[in-house]
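Below you'll find the structure, written out as structure tokens, and then a few comments.
Bear in mind these aren't lab numbers, they're just calculated from the coordinates by the rules spelled out. Given the structure is predicted, the values throughout are model-derived calculations rather than measurements. Here the Cβ is made from the backbone with ideal geometry for all residues, glycine too, and neighbour counts use every protein chain on show.
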């Protein structure tokens with residue numbers, strides 16, 4: 001990063017006047033006249049007080065070309081970074097530290113898959129024509145305007161965006177859902193090196209009632225490889241400073257349960273925080289089409305949206321569509337693996353990774369009949385066992401763009417269901433409602449048929465039939481509901497209950513958040529409106545803490561050594577599991593939870609696997625079971641001659657937690673407030689390097705809520721202080737009695753351009769739980785316009 005810092009310093013040193021002129025040239029133009037080649041007629045773009053463009057065109061192709069242009073004005077650097085991440089090309093601009101990340105994404109084969117996918121498409125379909133127009137708008141903006149500041153700092157050359165980039169980015173989004181990389185290695189390690197007794201507290205069994213109510217021997221070097229892959233999987237997403245999908249809330253309430261008598265839709269997808277934020281808001285208007293939508297970088301079709309007739313939100317389905325498979329190698333030929341009764345040659349190809357300031361790095365990518373070998377992400381791996389990846393995203397036709405093009409226009413229940421059936425990977429829950437009175441939920445994914453008895457929580461044995469697949473189940477067998485008699489639908493990433501009871505393996509979130517939402521929505525005395533729906537989205541409570549603490553309270557009372565400690569224990573005993581900014585109990589509980597996990601499990605797992613476990617969802621479900629299980633083998637420390645008990649570990653963790661909080665927040669527990677220890681900073685990719693963090697990052701802000709509260713401000717399990725990593729990427733509320741006055745919020749701002757007025761203008765309001773109007777009616781858009789940009793046809 002030395003060169004970027006030098007460039008930035010030179011810009012600042014050039015003088016106030018020159019710097020102002022330089023920076024002014026980088027700003028979006030939201031007022032005036034611009035020419036855009038390929039337009040058939042003039043397009044009018046009105047920018048409201050939040051910088052949201054309201055685009056009115058006379059035909060659909062012009063509409064998407066204009067969307068690409070205005071999207072690029074605000075988010076060109078985000079587009080560049082996310083395509084480089086997906087294609088494994090970050091080291092070219094960020095240097096050798098990103099070579100590992102590039103290796104990983106090359107191993108995922110997203111570039112190759114994108115090229116094959118694009119080659120199969122109908123280039124004259126409405127979807128393709130819209131995509132090409134959108135990309136052309138981006139490329140025209142890039143070609144005819146100064147490069148973003150970040151391009152200058154990093155020396156990024158201008159390069160046209162392609163359909164292959166869009167498809168590769170959709171693969172990145174699917175990969176960010178895939179928990180298998182972070183989970184299967186550690187679970188398999190526990191099973192194969194510690195024994196099945198250590199798995200009991202993880203409760204990996206399928207629950208048929210729903211949650212609302214050995215591979216071949218691996219050597220030490222193989223385990224090191226697997227843990228390195230798990231680490232890479234997490235760090236690759238963190239190091240790029242780009243959004244990553246984590247969870248979500250969504251619910252729809254029928255008119256019989258609302259104050260207005262019409263359905264109400266609420267949604268807040270949970271995504272890793274970043275600057276700029278993941279969603280780009282835009283209202284699109286053309287003859288026969290109108291939508292207020294939330295768009296992802298390089299994707300022209302809204303993935304969240306509404307109009308006067310219908311709307312929808314998304315949550316993660318969290319089905320397991322990725323298997324890791326240990327291959328059996330021919331001892332006489334390391335380039336062969338055993339498959340279906342014979343030795344089969346591995347396929348291989350050579351690729352080159354460009355590295356800033358260094359020679360290119362060569363890598364060999366290999367594939368078995370089961371899929372790509374992910375060991376190749378490590379270069380010259382020390383292990384001898386190839387680990388293949390079978391991934392539904394690579395194995396399905398997956399017309400994802402077609403699905404959202406159709407969903408953007410799905411004004412009936414049948415049309416919406418038909419559109420959602422085309423979402424094959426990643427798995428998504430679509431919660432939909434319309435002004436006619438319908439509410440619905442569909443769990444959208446291609447659900448794979450695995451052999452009976454196969455548990456995909458673990459690495460599978462590739463030498464037999466465990467890793468075989470027998471196609472996919474039809475969409476109509478997926479979990480789904482349409483207009484249920486209870487009058488509401490809630491989706492919050494918990495394990496769904498399919499009608500046929502067939503297990504759907506997945507890495508589901510705890511049921512606590514879903515239970516809390518369900519408890520409130522099931523209260524028939526409540527008539528739902530925008531006001532009490534806001535309160536529910538902003539709820540900072542969860543039952544997770546109290547139920548985890550309950551079996552420990554007698555031990556903690558015995559461990560308390562003085563009056564102050566006894567008072568703290570009683571504060572925990574009376575705590576209801578809520579996370580307001582001033583809560584001391586929340587701070588104490590989260591520190592104690594980490595300390596118990598560390599003291600009970602670190603000695604068995606070691607640094608690397610324990611660190612990997614902290615990033616998995618299975619830990620969330622395991623810890624309440626561990627605290628309730630006095631006979632768990634995890635309590636005994638392996639390095640000591642005596643046998644430790646649950647009481648021994650909990651008492652030690654209690655004292656260590658108090659010591660840590662005193663050192664961090666001071667000796668007076670009154671100062672151990674949640675907001676002082678739990679903060680949100682929206683990190684820009686360049687803000688990961690000091691002192692650029694002070695320029696590009698937004699925050700920190702004291703943050704309420706926590707993991708598995710409806711207001712899901714989540715931090716990784718660890719010692720205080722806690723940096724919030726993900727949470728509501730937007731909060732939306734739509735009452736279909738008056739859908740023109742929907743409410744929403746952006747976590748940071750609409751623009752990704754440093755020094756722009758909309759770079760961070762919503763950040764404070766967002767963390768305070770405020771909502772903003774999403775202007776829809778033409779007269780209100782005009783009344784709130786702060787800029788009028790006219791795009792006129794131009795000959796290229």
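Sorted fewest first by neighbouring Cβ atoms within 10 angstrom, 362, 159 come out as 362, 159. For segment 78-194, relative contact order (Cα pairs under 8 Å, six or more residues apart, normalised by length) works out to 31 percent. Just to be sure I understand, if you calculate Rg and Dmax of the Cα atoms in Å for this structure, which of [x] 29.2, 88; [y] 32.5, 116; [z] 26.3, 83 do you get? For Rg and Dmax of the Cα atoms in Å, the calculated option is [z]. Each residue, residue 631 and residue 765, gets one label point 7 Å from its Cα in the Cβ direction; the gap between the two is 5.8 nm. Each residue, residue 194 and residue 359, gets one label point 7 Å from its Cα in the Cβ direction; the gap between the two is 4.4 nm. For the peptides 453-459, 728-734, 58-64, the ranking by mean Cβ contacts within 10 Å, running from highest to lowest, is 728-734, 58-64, 453-459. Spin-label pair residue 396-residue 645: with each label point 7 Å from Cα along the Cα-Cβ axis, the two points sit 5.1 nm from one another. Packing here is the average count of other Cβ atoms within 10 Å per residue, and on that basis the peptides 520-528, 305-313, highest first, run 305-313, 520-528.
Highest mean packing first, where packing is the average number of other Cβ atoms within 10 Å per residue, the peptides 685-691, 617-623, 118-124 line up as 617-623, 685-691, 118-124. Relative contact order for segment 542-625: 34 percent, from Cα pairs under 8 Å spaced at least 6 residues apart, divided by residue count. Each of 364, 275 was scored by other Cβ atoms within 10 Å of its Cβ. Arranged with the fewest first, they read 364, 275. For the chain, the 222 nm mean residue ellipticity estimated from helices alone, with every DSSP H stretch of n ≥ 4 adding -39500 (n - 2.57) and the total spread over all residues, rounds to -11000 deg cm²/dmol.
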